[in-house]
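Q: Next up is a structure, given as structure tokens.
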Amino acid sequence: MTKMLIAAAAGGVAVAAVLVVRVPAATGPSTIRITDVQFGYRLVPDASNGRAGDVEMVQQRLFKPPLTQSIGHSYLICTYVDRRGRQCNGTYSLPKGTLVVSGMIQSRLLFEIAVVGGTGFYDNARGSLTVTSTHLRPRREVLVFRLAG
């Protein structure tokens, strides 16, 4: 009986070890450089400086330079955790799929945030997104996605 329990336990460990295998991303290492133009913005509640709990909602059109035809759109939702710090989650919809980002930022003028997933061509993508503002009215930004695979 004891041998059967040990054998069953060993078999369970072997099955668990197989289930913990990391699933590789479908996207290989690559860099995507695009631009955006903000077309929607809302801060709830509407206040001039963010307070903990306020939510910032941003809508953007995505372009491959030059800014002639939109190739997609994005939504970024940020919750203020203090006067400047925001926890942000965003979705960037591109022609071949979506990229999902998440992380903490201090300013929307220049920030880096993690790519935590995606769909379609970008299924299970990982990497980073660097955002650099180039104009304020209307807000325009250069986006550089560095996908690790």
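Q: Considering (1) crowded, with 17+ Cβ neighbours inside 10 Å; (2) modelled with pLDDT under 95; (3) in a strand (DSSP E or B), say which one residue 36 fails and leave the rest.
A: Answer for residue 36: the failing condition is (2).
Q: Also, I was wondering about something else. Can you tell me which residue is surrounded by the most Cβ atoms within 10 Å (Cβ to Cβ) among those in region 87-141 that are outside any loop (DSSP other than H, G, I, E, B) and of a type in the set (D, E, K, R)?
A: Across region 87-141, the extreme among qualifying residues is 141.
Q: So in region 76-86, with the set limited to residues that are β-branched (Val, Ile, Thr) and assigned to a strand (DSSP E or B), which one is nearest to the chain's Cα centre (by Cα)?
A: Restricting to residues being β-branched (Val, Ile, Thr) and assigned to a strand (DSSP E or B), the top hit is 77.
The values are calculated or read from the model by the stated rules, or taken from the named source; none is laboratory data. This structure is a prediction, so every number in the text was calculated from the model and none was measured. Ideal geometry is used to build each Cβ from the backbone, glycine not excepted, and the neighbour counts take in all protein chains shown.
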